[in-house]
Structures are given as C-alpha cells and as structure tokens.
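Reviewing the structure listed below.
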Amino acid sequence: MNICIDNNRHLRKFFHQHACYEEAIMCDLRERLPILLTLHNGKIKSVPHAFFSKLRVLEYKIIVKSDVAFRVAFTVKDEVLTVIFISEVLIKAHFCKLITKTDLLD
C-alpha cells in the first residue's frame, strides 16, 4: 500500500510544530495502518459526512508514546492511502468538528 501525504497548509503546520514525532507517525502509517485496514479493525472509523476528492474520510488514533497521541484523517483509493489531516485533538467529536472547519473537505 502506498502512503501519500497531502500537500496542504494544515499538515505543513502540524509537522512544523511536531517535527520530533514525524518519523514515529510515518512509521505507524506505513506499518500499522495497512494492517488495520486489511483486518477491518474497529479502530478505523469514518468522519461523518466528510469527503475529500469525493472519497470518504476515515480516521484513527496514533499513540506515539504513553503521553503523546494524535488523530489522523485519511482516504483510501485502490492501493493508495492519502493522509489529509493530523491533530493532537483526541476526542473524535472534537476532531470531526475541527476537520470540518478546514477547507479540505468537499
């Protein structure tokens, strides 16, 4: 599965603020996320009424360390997974409100 990081200001800002965790996040995206997708694990959920380039937006939580975690929004088409948004907001309802306030969604 190919992992693409969308080139948007939200992700650029996030990785600028959290540069020390970029490698751990990318590792989780490459290794853990494809496994969760194939297992149809309950850890991956859709963001209600959210579409990016006419694809449903999904989200899951990355735990980097015991006290550091992030929530990631992404889309999947064929064998390409596109990450569109990452936030330190962990409560799903708040994360969903946050992503709908951006200009990313259709």
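From the list Glu79, Glu88, Glu59, the one residue that fits, being within 18 Å of Glu22 (Cβ to Cβ) and either touching a Cys at 6+ places or on another chain (Cβ under 9 Å) or not hydroxyl-bearing (Ser, Thr, Tyr) (or both), is Glu88.
Is it the case that Ala24 is farther than 20 Å from Ile91 by Cα and either touching a strand residue (DSSP E or B) at 6+ places or on another chain (Cβ under 7 Å) or aromatic (Phe, Trp, Tyr) (or both)? Yes, satisfied. Of all residue pairs spaced 6 or more apart or on separate chains, none has beta-carbon atoms under 6 Å together with a first member in the range 42-56 that is within 15 Å of Thr82 (Cα to Cα) and free of Cβ contacts under 8 Å to residues at least 24 places away in the same chain and a second member that is basic (Lys, Arg) and part of a loop (DSSP other than H, G, I, E, B).
Every number here is computed from the coordinates shown, using simple stated rules; none is lab data. None of these values were measured; they are calculated from a predicted model. Note that we place each Cβ from the backbone using ideal geometry, even for glycine, and neighbour counts take in every protein chain shown.
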